[in-house]
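Let me begin by presenting the structure, written as structure tokens, before commenting on it.
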Amino acid sequence: MPDSGAARTGLKNDRRLQMLEATIKQHQYSKDALLEILHTAQELYGYLDRDLLLHVSRQLRLPPSQVYGVATFYNLFKLKKPGTHVVTVCMGTACYVKGAEDIVSAVEREFNVIRGGTTGDGRLSLFVTRCIGACAMAPNAIVDGETVGKATVENVLKRVKAVLEAEMVEAR
Amino acid sequence: MSKPIELTIDGRKVVAEEGETILKAAKKNGIYVPTLCYLEGVSSFGGCRLCMVEIKGSPRLFASCITPVAEGMEVLTDSERLRRYRKWAVELLLAERPHVCSVCVANGSCELQQLATELGVDHLRVDREWTDYEVDLTHERFAYDPNRCILCTRCIRVCDEVEGVHTLDLMLRGKNSKVVFDLDENWGFSQSCTSCGKCSAACPVGALYVKGKPLSEVKKKDLVSFIMERRSGK
Amino acid sequence: MKPDELRGLAQKEQEARKSYRFRINVCCSSGCMPFGALRVLTAFRDAVREFKVEEECYVARTGCIGTCSLAPAVLVEPGDYLYQNVTPERAREIVKEHIVNGRPVKSMLYGNEAFFKKQLRVVLRNTGKIDPLRIEDYIAVGGYYALLKALTRMTPQGVIEEVALSGLKGRGGAGFLTGLKWRYVARAPGSPKYVIANLDEGDPGVFANRTLAEADPHAILEGMAIAAYAVGSQKGYIYVRSEYPLAVQTLKKAIEAAKSMGFLGENIFETSFSFDVELRLGAGAFVAGEETAILASIEGRRAMPRPRPPYPAQSGLWGKPTLVNNVETLANVPVILLKGSEWFSSIGSKNCTGTKCFSLTGKVNNPGLIEVPMGITLREVVFEIGGGVPPGRRFKAVQVGGPSGGFLPEQLLDLPIDYESLTKAGAIMGSGGIVVLDDTSCMVDTAKFFTEFCVDESCGKCTPCRAGLHKLFKILDGFTRGEGSVEDLSKVEDLCEFIKEASLCGLGQTAPNPTLTTLRYFRDEYVAHVMDKRCPAGKCFRSGGGGGVE
């Protein structure tokens, strides 16, 4: 049955956990705040792994299956670790009409990654999203948080290569 | 006492209690409405759409398991249109996952199968899906075959509302929805499951079942309403 | 805040505004931000200092001006000179020529006057002209006056009457009379009551609500407070898509500012009315915008709709009476109270009053956010405001109403935009998406695209939407690869009818619209696919199947 603390969920007692605890407390352990807590958890940890979900379920006294059901219902929550770099292509109507599909397929081919997945070396994830709301600049792609408006296959591939290479340079 | 409500169902004048559903009012008066996700004793879901009825004055269709009666309401539980739509619903459920009756524990006592017969489903107008979910045989007494699941959520509601543990829930959404134990655990490793078996007793098809027993021996559709009646002391 | 304080503050702000001869509005919305809007803003501020015109020229950071394809866009007042694709260098030149020398820089001006001429801005009255982060800017243009009027000079019933008389209908899609909805909530037994502002704008290709929140957040808050007063609620939630980070930030700050000024909180304007607003973030689920699903989501559950009745007005959040209104609906409310229901109902057509915001996108020369009076024709929107399709292309269809809106052909372009006409033609008002397609788009492929969207977004609760839409998608997908026969077309229609009528919520009930309307108006394209194995637009049957348009 639920217990307080992270002892049994295998989460390290670090700053992230403290911040998560603070948020849970701020919401007074309310079951209704599950989405808010999951948002915070994902911001802190990058994705929601089993231990994290179990921890949230214990703290909010919610059945694990319910937490899991919510976490998997909403697209935004990631249950797997994303790549170091992330390219997201908008597949909203305006972007689709203006050729977003070509951009997605080009990224898939060029970097050997499938939509929704991450490259074998964990360096690049490719996601498609439903409309980021910048339709007048369609098609749009987001590379590591920066929007590329009026995107083309060429400028998206270029930008992705640039962020991947920048990392290589840093590593040296 | 709640006040009595008068309405007509299929042209028959009936009296129901305030707050009662159309389905309950119909049943009490011996009027048959096909159902599938509905289970007496737990909350209504309104998902399968089998129990849809027409209400005079509205172009919409209403799930009778969840729509409350109203004074003067004129309900139609059977029409050409309703029959056509019910048939579609059953066909789509049959096509959604690989339902092969001959190798199913529920064969002969399956509610989906019975409805298909009753509605005259003799072929499918859409291609069948051959989902390939792994069958979970890890529990010592029970088994779970997601390929036979019709997502009616009876098991989830029974586990939550009757047994009170909420081991089961849905993961993902849309056509990818799947009933899972805890954090998508194998049944045998579920921390919260009490192995009470109510979920398999409530399953209308052969998705959750007792190993080595044909469903006809396990199936206790009235179990839940019996428990709930006992609890309320009626 | 006391009533007199509001008047005093407004006057002070108006005078301050008048003391400047020029005002440069730099759009810093999420449409312009990725294109260096903040650098442009800084450049303007630097240039104003450089040319020593700080005393006469005010540089404001504003929300969306509406011409999103011109990003970054800048509007200079007086005269509403609209500059497009402004860079830091050009900013300096604009200050030098326009402000200092009094000569607008013609070469950089947006030449298309028609874009604004046919528009009428009621909801978007302040967007692009005030700084959304300065509550004083909103007060200067009459902000929170309507709330003051409601609280001090009107009864809750009086407010409801006024809104009902205006004829305002829900702008979220279904077009239910707002006044009537308010009345239901006000009369419903039970307390507390809740107000939800729906900003879960999940339709691909639609960004009106986002723009409103980014550009004029206080209009939403004021509308909510008035609604709360009318129905007897003390607690409101704004449910906003988490995909809109700038809107979330702007709203957060606006709520703080409104609280510190006393427009939200306890005893507003020293009356007995108290109202608090909280933000709730969505997490990527289109269906959460449905009015019963939004309740589940705010309660921290899977956003699955439930059958109505009971309606949220009777049993909403935590089983209590709840008013769910779209933010565009709410932003109309302050204007209605200030200018009167008679004024409002004089706009638009007889059965459909007021204006509607549309996100105009696709193969159109001037995409952007527009607001037009109801009753305007689609032709005016597409060809006059939108400037038609790009040169050398032919108009083919216009989709109205988002992913589940229908496609209308050229011969229906003279249709007036109102709830009834659109529904009759097979489209919907929806949340206000208008997507223009030209002859390079294949209608079968496009129908497939939208069906796939709905398949992905279906919550999975009811059979028609979950299983039916998926089958529909598979059949359409087959068509784009040359499978199927003419007989299949009537089967598709049959299946669509079932999904439309038997689905539990609005998502499923409208999801077949793209297929049904393309079958109705562009049947020849389907026939070409299944009979001749040919795609008239040259899009299908390519290696690897469908995919983007050149």
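The values are calculated or read from the model by the stated rules, or taken from the named source; none is laboratory data. Fair warning: this is a prediction, and the values are worked out from it, not measured in the lab. Here the Cβ positions follow ideal geometry from the backbone for every residue, glycine too, while neighbour counts run over all protein chains shown.
Remarks
- Residue check for C:Y20: within 30 Å of the chain's Cα centre (by Cα), of a type in the set (S, T, Y) and farther than 30 Å from A:I142 by Cβ: no
- Note on region C:63-157: enclosed helices (runs of 4 or more DSSP H) holding 3 or more residues that are modelled with pLDDT of 95 or more are C:88-94, C:135-140, C:145-153.
- For B:I55, the requirement of being more than 24 Å from B:R173 (Cα to Cα), more than 16 Å from the chain's Cα centre (by Cα), surrounded by fewer than 21 Cβ atoms within 10 Å (Cβ to Cβ) and within 14 Å of chain C (Cβ to nearest Cβ) is met.
- Odd one out for C:S29, checked against (1) at negative phi; (2) at pLDDT 95 or above: (2)
- Residue count for region C:260-279, restricted to those that are among the aromatic types (F, W, Y) and either in a strand (DSSP E or B) or not assigned by TED's automatic domain parsing to the domain that holds C:L221 (or both): 1
- Restricting region B:74-106 to residues that are acidic (D, E) and part of a helix (DSSP H, G or I), the residue that is farthest from the other protein chains (Cβ to nearest Cβ): B:E80
- Residue tally, condition aromatic (F, W, Y) and buried (at least 21 other Cβ atoms within 10 Å of the Cβ), over region C:116-148: 2
- Within region B:5-49, the residues that satisfy the criterion of being of a type in the set (D, E) and either surrounded by 21 or more Cβ atoms within 10 Å (Cβ to Cβ) or more than 27 Å from B:C159 (Cα to Cα) (or both) are B:E6, B:D10, B:E17, B:E18.
- Set C:W318, C:W343: member being in a helix (DSSP H, G or I) and within 14 Å of chain A (Cβ to nearest Cβ): C:W318
- Only listed residue being over 18 Å from C:P104 (Cα atoms) and not in a helix (DSSP H, G or I), chosen from C:G8, C:G31: C:G31
- Checked against (1) modelled with pLDDT of 95 or more; (2) not assigned by TED's automatic domain parsing to the domain that holds A:A151, A:I103 passes all but a single condition, namely (2).
- Of all residues in region B:163-187, those being of a type outside the set (D, E, K, R), surrounded by 20 or more Cβ atoms within 10 Å (Cβ to Cβ) and facing chain A (nearest Cβ under 7 Å) number 7.
- Among the residues making up region C:81-115, those that are surrounded by fewer than 17 Cβ atoms within 10 Å (Cβ to Cβ) and under 16 Å from C:N366 (Cβ atoms) are C:N85, C:L109, C:G111, C:E113, C:A114.
- Test: residue in region C:439-455 that is surrounded by 24 or more Cβ atoms within 10 Å (Cβ to Cβ), modelled with pLDDT of 95 or more, under 30 Å from B:K175 (Cα atoms) and aromatic (F, W, Y): no
- If you go through region B:148-162 and pick out every residue that is of a type in the set (V, I, T), part of a helix (DSSP H, G or I) and away from chain A (no Cβ under 11 Å), you end up with 2.
- All of (1) more than 10 Å from chain C (Cβ to nearest Cβ); (2) in contact with a Cys (Cβ under 7 Å, 6 or more places away or on another chain); (3) of a type in the set (S, T, Y) hold for B:S44 with one exception: (1).
- Qualifying residue in region B:108-131 (condition: basic (K, R), surrounded by 21 or more Cβ atoms within 10 Å (Cβ to Cβ), within 11 Å of chain C (Cβ to nearest Cβ) and farther than 18 Å from B:N147 by Cα): no
- When residues of region B:58-67 are limited to those that are among the hydroxyl-bearing types (S, T, Y) and crowded, with 19+ Cβ neighbours inside 10 Å, the one farthest from the chain's Cα centre (by Cα): B:T67
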